[in-house]
Structure formats: structure tokens, C-alpha cells
Amino acid sequence: MIPFEYHRATSVADAVTTIAGRADAAFLAGGTNLVDHMKLGIAEPTLLVDVGHLPLHDVDQLPDGTLRIGADVRNSDLAAHPVVRTRYPVLSRALLAGASGQLRNAATTAGNLLQRTRCVYFQDVSTPCNKRTPGTGCSAIGGYTRYHAILGASEHCVAAHPSDMAVAMAALDATVVYVTEDGEHRGPLNDFHRLPGDQPDRDTNLPHGALITAVEIPSPPEGARSTYRKVRDRASYAFALTSVAAEVVLDGDTVTSARIALGGVAHKPWRATHAEAALRGQSATEATFAAAADAELRQAEPVSGNEFKVGLTRGAIVATLTSLVEGHQ
């Protein structure tokens, strides 16, 4: 038994104040990732601040059409929400592609954003890992890399972000709302997660002690079609080899707007800006989609053992966009 303190927060302010100045403290909500890491010895907080019961469970549509999602909304509830299902099908489908029904009933919106990589070396404390213990090396380089990054990696880390939900939110230009001792702050989700660089132990740009309170998603453009495609080794309860969250708007057969994010291929949800630019103003054809995928994947740098993911991701992008154009959402 590893002892730790437990504090049940009475408010957002109480939670933030309690954890302030405690580098060894962590927030606890659904616990689906943190508790696993405590069992494995990856995380050893000496103080847990329980925020799972705070009034952050609502999904509200704001007057300007923005969807505000409370940090403690469970993944299963968010996937089933009627506004999400009708206006943001890419988000609903991404959520349903993740984990299992039991885990989706426990996992929270904020926790999903903050989950850490499922790299086998990161989760094995007997192996060197720069993400877990900076400066010890990356065991994945030269090791088992089937699930690892092909975009944005570094010599210090080739791990991939595991979330499905975050990929859809990245494509939807979501904003993360969080509270520190200085008050409420907000920032684009696409700037929230980090690439590894020489500090792979830092997954996000969230200040320590900050509590996520909500995620806000702008109203989709008129005529938007969106969906999520996940490619994995088995049909359920498996992490993505690659995934695509896509939204397009068509004027006849011309793409007027495109937003695409990729999962399973980088240290963060990867916004495919090169593919988006290659699509805008072009005819919605398979050749256009293939060219857009190629424009994005030119910067891919697979490591030995995961070269196949470049072609797999190309095919997933083309198939996802084709399904939207054909109306098979």
C-alpha cells in the first residue's frame, strides 16, 4: 500500500487552492487513467483532490450556438447527447469508438483530454522512458513501434496520444476552459497538447494546479458533414493505429471548407492543415482526397516497424472524405 492524502473538493476554488504549490498532487475524477498509473507505479501522488462530484456535469448550448461541455460530463453521456449526435456526429462517433461501455460510463471529458500515452515502455517502469523519467532514453526507438508516432516525433519520444475524443475536438476547433488561482482562462485545444521535443514528459501546456472546467465547441458551419473513422487491430477496446476526424462543407461538388484531425499518429491530436488547404476550392473527388492526404503525409517520419502507418493513414483519410461526400456518414 502506497499512502496518500485524499481531499474531497467543495468547489472549483477549493480544488485549485488545495492543490496549489503541491507538485506531488493530482486531481481525481473518473480515475480511469490516473488510478491505473498509480497501480503501475507510474504516478505516485501524495495528495488526491476529488473533483468528480463538482457541478461540472452539464452540456449547454449557449446563445451564440456554442456547445459548452462540463469537465465532468461522462463520455457515454456526451456521446448520447441529442445535440452532439445531430450537430457534431464526428464527436459522438469518436467517443463511441473509445474504450468500452463500462469505461465510457466512468471517463470524463477533462480526464480524456489529459490521459497519457499507452506506449508499452511508458507503462513498464522497468524500462527506460524519457516521458516517465526524463533523460533515461526512449526504449521504443529500436523496439516495438506498431502504435507509435509517424508525425511530430523527436529523438526523445515517439509515443502517440491515445484519445479518440480529443481528435474530434481538435477538428472542431474546440476551446479548453480552465481555472487557476488567477481566475478563469481559455485557449484553443489545438495548442493544449504538446509535441515531445526535448520535454516529452510534458503532455500539455496546462499549468500545474489548473483545473479544467469545460470544453467549448463553436457551432458547425451551415451544411457541414462530419464523421470519425478509427483503424485498429480489433473491432473494440483497442487503441487506434490511425484515426481520422473530418468535417467538410460542399457547394455542389466543390469543397468550400474542410477541417481534419488525425489520431494515433502523433504525440498530440494532429491537425491536418496541409490536407485542409489542399482540399479547399477543389472538386470533391477521390483524386483530390488522395492529393490532400499526400500533402499532409509528406512530413511523415516513421520509425522502423511502423512505416505501414503512412499508407494506412493515407487510405483512412481518402475513405473518410469519400464517405462524407457520398453521404454515408
Interchain or long-range residues, amide H under 5 Å from Ala214's placed H: Ala71, Val177
Euclidean distance between Cα centres, region 300-329 to region 215-264, Å: 12
Per-selection Rg to Rh, region 144-263 - Cα, Kirkwood hydrodynamic radius: 1.01
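With the Cα gyration tensor of the chain giving a ≥ b ≥ c as the square roots of its eigenvalues, does the rule (a/c under 1.5 for rounded; else a/b larger than b/c for prolate; else oblate) give rounded, prolate or oblate? Numbers along the way, then the final one.
Numbers: a/c = 2.02, a/b = 1.27, b/c = 1.59.
Verdict is oblate for the chain.
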Between region 68-135 and region 49-63, the Cα center-to-center distance that results, in Å: 17
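Over the chain, give the accessible area per residue in Å² for a 1.4 Å probe, as an integer. Please report the intermediate quantities before stating the final value.
Values: 14030 Å² over 329 residues.
For the chain, the solvent-accessible area averages 43 Å² per residue.
Which order do peptides 24-37, 123-136 fall in by mean Cβ count within 10 Å, highest first? Don't skip to the end; give the middle numbers.
Working: 24-37: 19.1, 123-136: 16.4.
Going from most to least packed, we get 24-37, 123-136.
Rounded to a whole number, what % of the accessible area of the chain do carbon and sulfur atoms account for, probe 1.4 Å? Intermediate values should be presented prior to the final figure.
Details: 7070 of 14030 Å².
The value for the chain is 50 percent carbon and sulfur by accessible area.
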Tensor-based shape of region 113-174 (alpha-carbon gyration tensor, a/c under 1.5 rounded, otherwise prolate or oblate): prolate
Members of Lys230/Lys268; Lys39/Lys230; Lys39/Lys309; Lys39/Lys268 lying beyond 23 Å, as alpha-carbon distances in this model show: Lys39/Lys230; Lys39/Lys309; Lys39/Lys268
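What does the C-alpha gyration tensor say about the overall shape of region 282-329? Classify as rounded when a/c is under 1.5, otherwise prolate if a/b is larger than b/c, or oblate. The partial results should precede the final answer.
Values: a/c = 4.14, a/b = 1.94, b/c = 2.13.
Note, shape of region 282-329 comes out oblate.
Please compute the length gained on full extension between Asp182 and Thr133, using 0.36 nm multiplied by the number of residues separating them and subtracting their Cα-Cα distance.
On the way: separation 49, 0.36 × 49 = 17.64 nm, distance 3.01 nm.
Difference between extended and current length: 14.6 nm.
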HN-Hα J in Hz across region 247-254 - Karplus 6.51, -1.76, 1.60, θ = phi - 60°, x for Gly and Pro: 9, 10, 10, 10, 10, x, 10, 9
Listed residues Ala153, Ser243, Ser219: farthest to the positive end of the dipole of region 133-262 (Cβ charges): Ser243
Peptides 311-324, 50-63 ordered by average Cβ neighbours within 10 Å, highest first: 311-324, 50-63
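The values are calculated or read from the model by the stated rules, or taken from the named source; none is laboratory data. All of these numbers come straight from a predicted model, not from anything done at the bench. Using ideal geometry, Cβ is built from the backbone for each residue, glycine included, and neighbour counts are taken over all protein chains shown. Note: areas computed on protein heavy atoms with side chains; ligands, DNA, RNA excluded. Shrake-Rupley method; radii C 1.70, N 1.55, O 1.52, S 1.80 Å.
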